[in-house]
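Note sheet for the following structure.
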Amino acid sequence: RYAFASADLRAAGAAVVLSSDWPIAPLEPMATLHAALTREAWPSGGPDHRISLAVALDGITRAAGWVAFDEADRGALAPGALADLTLLDRDLAGVFPEGLPAVCARLTICDGQITHDSDVVASSMRQTEEV
């Protein structure tokens, strides 16, 4: 709620990298995004450290690859990079920020391999076969 001075860090030129500090903080990426977008100032006052959805998404994708010294392979969909991506059940901008905690992953692909599928591929294959 009050942690991480992300806006000031970004203004100073630092990379804003978002991740889980599990087991200290929630493991769920949507909870991390929600916290970054709705961060509150200290009760005694202070700067607003909320960041935009675009900055937060960059922080859990491109910047995360950069901080791991793996930006050539991770953090963006690009030729030659690992095929890591997550398909969500709704557009984040459409639920921003109140609905973020309820957003679910429908499909996760790591290094080109499906690691989580909530019937996305199977349902697509059924629809293709019906046509």
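A short reminder: the numbers here are calculations on the coordinates, not readings from a lab. All values reported here derive from a predicted model rather than from experimental measurement. FYI the Cβ positions are ideal-geometry reconstructions off the backbone, even for glycines, and counts take in every protein chain you see.
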Helical contribution to [θ] at 222 nm, DSSP H n ≥ 4, -39,500 (n - 2.57), averaged over the chain, rounded to 500: -8500 deg cm²/dmol
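Counting only Cα atoms, I'd like the Rg/Rh figure for segment 43-99, Kirkwood definition for Rh.
Using only Cα positions, Rg/Rh for segment 43-99 is 1.10.
Could you give the Stokes-Einstein D for segment 6-130 in µm² per second, using the C-alpha Kirkwood radius, 25 °C, 0.890 mPa s? Spell out each step's value before the answer.
On the way: Rh = 16.3 Å.
After rounding, the answer is 151 µm²/s.
Under 8 Å for C-alpha pairs, at least 6 residues apart: give me the relative contact order for segment 6-130, rounded to a whole percent. Numbers along the way, then the final one.
Numbers: 162 pairs, mean separation 23.3, N = 125.
Relative CO of segment 6-130 lands at 19 percent.
Work through the residues other than Arg74 whose Cβ is under 10 Å from its Cβ and net out their charges, Lys, Arg +1 and Asp, Glu -1.
On the way: positive: Arg62; negative: Asp70, Glu71, Asp73, Asp84, Asp111.
That works out to -4.
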Tilt relative to the chain, helix 120-130 - C-alpha long axis, 0 to 90 degrees, to 10: 30 degrees
